[in-house]
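Peer 1: First, the structure itself, so that you have it in front of you.
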Amino acid sequence: MVNTKDSSFWTNHLLRRAGFGTTPDELKHYVQLGYNKALNELLNPKQIDNSQLETNIQKQNFDYTNLDELKRWWIYRMAFTKCPLEEKMTLFWHGHFATSDRKVKNPYAMYGQNQLFRKYAFGRFDDLLMAISKDPAMIIWLDNQQNRQSSPNENYAREIMELFTLGIGNYTEKDVKEAARAFTGWTTLPDGFFLRSNQHDYGYKTFLGVTGNLNGTDIIKILASQRVTGHFLANKLVKFFVADDPDSGMVNRIAQVYIDSNHSIKAMLHALFSDPVFLSEKAYHAKIKSPAELVIGSVKLLQVKTLDHNLPKIMASMGQDLFAPPNVKGWDGGKAWIATDTMMERFNFASLITSNKFNRLEQYTSASDLMYKQGLRNARQVVNYFAELLVDGDMPQSTYTTLTNYMSSNSTGTKTTKIMDNQTLDAKLRGVVHLIMTLPTYQLC
Amino acid sequence: MLKILPCIFGLLILITSTFCSAYGQDATAPNIFSEPQSENENIPVFSDNKKRAAKKRLNDTLGSNIDKIPNWQQVKMIPSLSGQQKRQLNVLYKQSREELKPLLDELKAMKTQNSQGITPGQNIDFRNKAIDIREQIVSSRQKLWSNVSNILTDKQIKELDQMKQGTLTPATFNDQSPTAANMMKKRRRFIQ
């Protein structure tokens, strides 16, 4: 730790970035572990018993051949998994290797790709790159099934360099053409990846200075071994997890880990979440929440158990349509999440989650139960409790005062010292939660 | 002063008891947004779960598999489907669509008529006609499925079921390295 804040403060910060926020119980668990052990748990999902999630998913009867159902399935996973970083990395890879069902038109292939991201989330980058290059959804998305010796299609060859590994400016047009030749014949049949040998170009190629009878596997190995690939990946990871404007020193450190660890994604993530920049005031509440982070985070913080079946559409209207990123570059993120229309959708979501639509009020624990359980005895304590829960207490004094005044006034707006009836109290609590959720700080993680 | 003390205690007891009863006693309730114990064994669910369950009940009541018979979009995704099977199935589904079109159009027209309001005297005839059409659709779809399952192997039907359940191993999609042996094996299968 590099500053004066305590371990629980940074553990909470870690879970907002390496996950989607926590329920109070989850936070308690991770805080008890301490920062380093919490990080290790996040980085080793295979050591966690997540069978309850799988059992619960079975009971939902999701149909994986239906796109809407597939979106709900992933939202459910993100919200209720015990391995949040695994899901966060799946989301990261979905943005990195952006593939959209709008073109693939095969939800089950999208499901397969999503599981692939989960499987290779923390392994060697080479293995992930190899698997994604043979993934049916990716092959269809970037037209590699049309890449034949007689008429090479350069789409995949170009994107694997520009978007997945090197970044623009680190390869030539000649490299694109040679890589395209190496990937000729890499196609998909109904039973998965298939190399059509009669369409593959077995001739000599020169790619990034290497000459030989190169095929797609060789191209992937060459690309993964480039120092610039480590830098490109590090930059994207830092941008995704730490700050929209990455610190160059930090990027260089993470890029070095890529080389030193033989391209281990887990090692990069460990270094990233242990870096002084990540554990600094500069990184705290410095990233705009993506719609996934906002929606899943709210569900977790408020422990919502009945999810609105329109959640995928709500996230799409905020600018993040799962399984349908806007283009090959994925989502821009950062300030691009915030626009007049998407901001309105965020406020509408806050209204929805605090209203009866989201949870049938008549069946819920009463407001007074909450007050009793949490030991909240006055308006100020109520505001403090929700400010702490929702924005980590990061709220200006003036906002505290305004919310306290709101909480301590009756339905006509007159300040009161009387104990409120349960109905008014409930409306006030929902009001306070709604107001905090529309604060600028709540849009940050 | 001593005379006032019992009054103060009495008042305190009154306030405390009022306060506690107003604030409830359920120590298990985490907060206002939590779902109560009982429904769905308290596991998180999507809000349309009841709708799905109702749909399932309706299908069970009708004794039909009207919504369980896989459509063409689902069947064509079976990983081990050969090109020939795909062509045969495509023809079957196309024929079925053509066969069902007049029935579905009629049902649609009836739904429109229903939404515009029908006279009470027409009710029973109207309902019987709808049931009749529905039965024809169900029977036609069952016939289709019988033909489709004659083309599919047991393994493929199992795969289809696994796809719908999400339990088909995605490894079949992506873990096949293009080694020479693997390539030749694949090639032989492709030629067959």
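The values are calculated or read from the model by the stated rules, or taken from the named source; none is laboratory data. For clarity, every value in this text was computed on a predicted model and none was experimentally measured. Heads up, the Cβs are rebuilt from the backbone with ideal geometry, glycines too, and the neighbour counts pull from every protein chain shown. Note: areas computed on protein heavy atoms with side chains; ligands, DNA, RNA excluded. Shrake-Rupley method; radii C 1.70, N 1.55, O 1.52, S 1.80 Å.
Peer 1: Pick out the one residue from A:Thr81, A:Thr90, A:Thr65 that is free of Cβ contacts under 8 Å to residues at least 60 places away in the same chain, among the β-branched types (Val, Ile, Thr) and open to solvent by 10 Å² or more (accessible area, probe 1.4 Å).
Peer 2: Of A:Thr81, A:Thr90, A:Thr65, the one residue that is free of Cβ contacts under 8 Å to residues at least 60 places away in the same chain, among the β-branched types (Val, Ile, Thr) and open to solvent by 10 Å² or more (accessible area, probe 1.4 Å) is A:Thr65.
Peer 1: Given the conditions (1) in a helix (DSSP H, G or I); (2) at pLDDT below 85; (3) within 30 Å of B:Asn147 (Cβ to Cβ); (4) more than 14 Å from every other protein chain (Cβ to nearest Cβ), and given that B:Asn59 satisfies all but one, which numbered condition is not satisfied?
Peer 2: So B:Asn59 meets the others, but not (4).
Peer 1: Shifting gears a bit: Answer yes or no: is there a residue in segment A:252-273 that is open to solvent by 30 Å² or more (accessible area, probe 1.4 Å), more than 24 Å from A:Val433 (Cβ to Cβ), at pLDDT below 95 and more than 14 Å from chain B (Cβ to nearest Cβ).
Peer 2: No, there is no match, as no residue in segment A:252-273 is open to solvent by 30 Å² or more (accessible area, probe 1.4 Å), more than 24 Å from A:Val433 (Cβ to Cβ), at pLDDT below 95 and more than 14 Å from chain B (Cβ to nearest Cβ).
Peer 1: So for segment A:107-117 (the condition being outside any helix (DSSP H, G or I) and either within 14 Å of chain B (Cβ to nearest Cβ) or open to solvent by less than 10 Å² (accessible area, probe 1.4 Å) (or both)), does at least one residue qualify?
Peer 2: no
Peer 1: Filter segment A:50-86 down to the residues that are in a loop (DSSP other than H, G, I, E, B) and within 10 Å of chain B (Cβ to nearest Cβ), then identify the one that is farthest from B:Gln162 (Cα to Cα).
Peer 2: A:Asn66
Peer 1: Scanning for something at pLDDT 85 or above, surrounded by fewer than 11 Cβ atoms within 10 Å (Cβ to Cβ) and more than 14 Å from chain A (Cβ to nearest Cβ), does segment B:103-122 turn up at least one residue?
Peer 2: yes
Peer 1: If you don't mind, there's one more thing I want to ask. Mind listing whichever residues of segment A:285-313 are at pLDDT 95 or above and buried (at least 20 other Cβ atoms within 10 Å of the Cβ)?
Peer 2: A:Lys287, A:Lys289, A:Ser290, A:Pro291, A:Ala292, A:Glu293, A:Leu294, A:Val295, A:Ile296, A:Gly297, A:Pro312
Listed here are the residues, each with its yes/no results for (1) farther than 22 Å from A:Ala350 by Cα; (2) surrounded by 15 or more Cβ atoms within 10 Å (Cβ to Cβ); (3) out of contact with any Pro (no Cβ under 7 Å at 6 or more places or on another chain).
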site: A:Leu376; (1), (2), (3): yes, yes, yes
site: A:Asp392; (1), (2), (3): no, yes, yes
site: A:Leu403; (1), (2), (3): no, yes, yes
site: A:Thr414; (1), (2), (3): yes, no, yes
site: A:Gln423; (1), (2), (3): no, no, yes
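Peer 1: Taking A:Phe122 and the conditions (1) at pLDDT 95 or above; (2) in a helix (DSSP H, G or I); (3) more than 8 Å from chain B (Cβ to nearest Cβ), which numbered condition does it fall short on, given that it satisfies the others?
Peer 2: Only one criterion in (1) at pLDDT 95 or above; (2) in a helix (DSSP H, G or I); (3) more than 8 Å from chain B (Cβ to nearest Cβ) is unmet by A:Phe122, namely (2).
Peer 1: If a residue has to be among the aliphatic types (A, V, I, L, M) and within 14 Å of chain B (Cβ to nearest Cβ) to count, how many in segment A:193-220 make the cut?
Peer 2: 4
Peer 1: Starting from segment A:373-401, keep only residues that are without any contact (Cβ under 8 Å) to a residue 12 or more places away in the chain, then list their pairs with residues that are open to solvent by less than 20 Å² (accessible area, probe 1.4 Å) and outside any loop (DSSP other than H, G, I, E, B) whose Cβ atoms are within a distance under 6 Å, requiring at least 6 positions of separation or different chains.
Peer 2: Close Cβ pairs (under 6 Å, with a partner that is open to solvent by less than 20 Å² (accessible area, probe 1.4 Å) and outside any loop (DSSP other than H, G, I, E, B)) amount to A:Leu376/A:Val382; A:Gly393/A:Ala387.
Peer 1: For segment A:121-136, what are the residues that are in contact (Cβ under 8 Å) with a residue 60 or more places away in the chain and either out of contact with any strand residue (DSSP E or B) (no Cβ under 9 Å at 6 or more places or on another chain) or buried (at least 20 other Cβ atoms within 10 Å of the Cβ) (or both)?
Peer 2: A:Ala121, A:Phe122, A:Phe125, A:Asp126, A:Leu128, A:Leu129, A:Met130, A:Ser133 - these are the residues of segment A:121-136 that are in contact (Cβ under 8 Å) with a residue 60 or more places away in the chain and either out of contact with any strand residue (DSSP E or B) (no Cβ under 9 Å at 6 or more places or on another chain) or buried (at least 20 other Cβ atoms within 10 Å of the Cβ) (or both).
Peer 1: Specify which of the listed residues (A:Val295, A:Val251, A:Val304, A:Val257) is of a type in the set (Val, Ile, Thr) and outside any helix (DSSP H, G or I). Steps first, please.
Peer 2: Numbers: A:Val295 fails: outside any helix (DSSP H, G or I); A:Val251 fails: outside any helix (DSSP H, G or I); A:Val257 fails: outside any helix (DSSP H, G or I).
Answer to the check: A:Val304.
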